[in-house]
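Just so you know, all these numbers are worked out from the coordinates, no wet-lab data involved. Being a predicted model, the structure only gives us computed values, none of them experimental. Quick reminder, even Gly has a Cβ in these numbers, built from the backbone with ideal geometry, and neighbours come from all protein chains shown.
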Amino acid sequence: MLINMVTEDALDWQETALCAQAGPEFFFPAPGSSTREAKQLCGACEGRVACLEYALANDERFGVWGGLSEKERERLRRESATRADPPGRCRDSAP
C-alpha cells in the first residue's frame, strides 16, 4: 500500500496560489488550446516555484503547473537527467 508522503507544509503554497482563483479549465485547456493566459497568471504567482517543484516531484503529466506546460516539464526533466548523467559515463562508475 502506498502512503502519500506529501506533508501539509509542503502544500502551503496552494493556499495563496493565484490558480485557486481561476477555474480548472484555465490550467487544463482542451488539446490544442492556448496556455498563454495560465502561464501569465503563473508568472505573477509567488507560489510558482513550489508549484513547479510539486509537479515535477509528483510526475504531473497534464495541465500548466508552475508556469510550464506538459511538454515544457518533460523537456526540463530530460535536460536535468542529461546534466545529471553526462554521456559516456555510467552512473555506477567512479569519477
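Approximating the spin labels as points 7 Å out from Cα along Cα→Cβ, the residue 30-to-residue 46 distance works out to 3.7 nm. Relative to a virtual label point 7 Å from the Cα of residue 16 in the Cα→beta-carbon direction, which members of region 36-53 show backbone nitrogen distances below 19 Å? Within reach of a label on residue 16: 41-53.
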